[in-house]
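The values are calculated or read from the model by the stated rules, or taken from the named source; none is laboratory data. Owing to the predicted nature of the structure, the values given are computational and were not obtained by experimental measurement. Here the Cβ positions follow ideal geometry from the backbone for every residue, glycine too, while neighbour counts run over all protein chains shown.
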Ligand code: SF4
Ligand code: SF4
C-alpha cells in the first residue's frame, strides 16, 4: 500500500491526525504536545513532521497546538455516509453543537453543508477551540474549514414547513444532510408533502431550501410527484349520482 492508501485505510477505522505541513521551518510543538509520541521528525527541527498512524488516538491535542493550523483529525468511522473532521478554530463567537454550517475547502470555497458535532476548548487545548464537523463521507479529505450561516439561516430549525405533517425546517435540513437532494427525497425521509394538501403549500419552499443548502439553481431540483387529495367515498353515494349531477 502507498502512504496515501495507508492513511485512507486508517481513517476508515477511527480518528487520526492528518498533517498538512509543507514548509520547512524550525517548529515542533506538534511533536512535543503528542502524549503518544505519534509525531516525529526524520531530520533536524526544520524538517517535516511524520505521523505514526498506529500510535495516534485522534485526541486532537496537536490540532490545537500547531501554530500553523496544519493538523486535522479525520474520522471515517462515524457512519456509513458521514465522517468527522476536527479543525482548529480561533474566531468568536464559537459555534454551538448542532449548528448547520457551510463547509469550506482549503481555499475557503464553500463546497457543501454540514453540522457542528462537537466544540472543545480549555487549558488542555491551549485555549484554541477544536471544532468537530460532521461532513459527507466523500468530502473527508476536502473539508478543512467552515463558515457560520447567516443568522436567519442558522436559526429557525423549529419553524414548521409542512403544516399537514408538522415537519420542521430542522427535519428537512437533516434529511438534506443525510443525502436527500430532491423534493421527493425529502418527502420519503420526513413525510413533508405527504399530507392532505400533497405539498401544495410546502413543495416550493422545500425546493428552495434544497437549492440553497446544496448550492444548485432551484430549477435543477426537479419536480415532485403529486397525487390529488383523496378521501374514502361510500359506494352508495357514487351510485346515487345522476347523470347530470356532480358529487361534491
Ligand atoms: S491526535 Fe493526539 S495522539 Fe494523534 S498525533 Fe495528535 S496529539 Fe498525538
Ligand atoms: S507544529 Fe504545525 S507547523 Fe509546526 S512543524 Fe508541527 S505541523 Fe508543522
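What about residue 143, is it under 15 Å from the mean Cα position of the chain (by Cα) and not assigned by TED's automatic domain parsing to the domain that holds residue 203?
Yes: the conditions hold for residue 143.
What do you reckon, is residue 48 touching a residue at least 12 places away in the same chain (Cβ under 8 Å), more than 10 Å from ligand 1 (Cβ to nearest atom) and closer than 19 Å to residue 6 by Cβ?
Yes: the conditions hold for residue 48.
So how many residues does the stretch 28-45 have that are away from ligand 1 (no atom under 14 Å from the Cβ) and modelled with pLDDT of 90 or more?
From the stretch 28-45, those away from ligand 1 (no atom under 14 Å from the Cβ) are 42-45; that's our starting set.
Narrowing further to those that are modelled with pLDDT of 90 or more: none.
Number of matching residues: 0.
Quick one: how many residues across the stretch 80-90 are exposed (fewer than 14 other Cβ atoms within 10 Å of the Cβ) and either touching a helix residue (DSSP H, G or I) at 6+ places or on another chain (Cβ under 6 Å) or in contact (Cβ under 8 Å) with a residue 40 or more places away in the chain (or both)?
The number of residues fulfilling the criteria is 2.
How many residues are touching a helix residue (DSSP H, G or I) at 6+ places or on another chain (Cβ under 7 Å) and at pLDDT 90 or above if we restrict to the stretch 112-151?
Of the residues in the stretch 112-151, 3 are touching a helix residue (DSSP H, G or I) at 6+ places or on another chain (Cβ under 7 Å) and at pLDDT 90 or above.
For residue 93, state whether it is modelled with pLDDT of 95 or more, exposed (fewer than 11 other Cβ atoms within 10 Å of the Cβ) and more than 14 Å from ligand 2 (Cβ to nearest atom).
No.
Pick from the stretch 15-24 the residues that are surrounded by 12 or more Cβ atoms within 10 Å (Cβ to Cβ) and more than 11 Å from ligand 1 (Cβ to nearest atom): which of them is modelled with the lowest pLDDT?
Filtering the stretch 15-24 for residues that are surrounded by 12 or more Cβ atoms within 10 Å (Cβ to Cβ) and more than 11 Å from ligand 1 (Cβ to nearest atom), the one modelled with the lowest pLDDT comes out as 24.
From (1) assigned to a helix (DSSP H, G or I); (2) modelled with pLDDT of 85 or more, pick out the condition that doesn't hold for residue 164.
(1)
Under the condition of being in a loop (DSSP other than H, G, I, E, B) and touching a strand residue (DSSP E or B) at 6+ places or on another chain (Cβ under 9 Å), which residue from the stretch 10-26 is farthest from ligand 2 (Cβ to nearest atom)?
Among residues in the stretch 10-26 that are in a loop (DSSP other than H, G, I, E, B) and touching a strand residue (DSSP E or B) at 6+ places or on another chain (Cβ under 9 Å), the one farthest from ligand 2 (Cβ to nearest atom) is 14.
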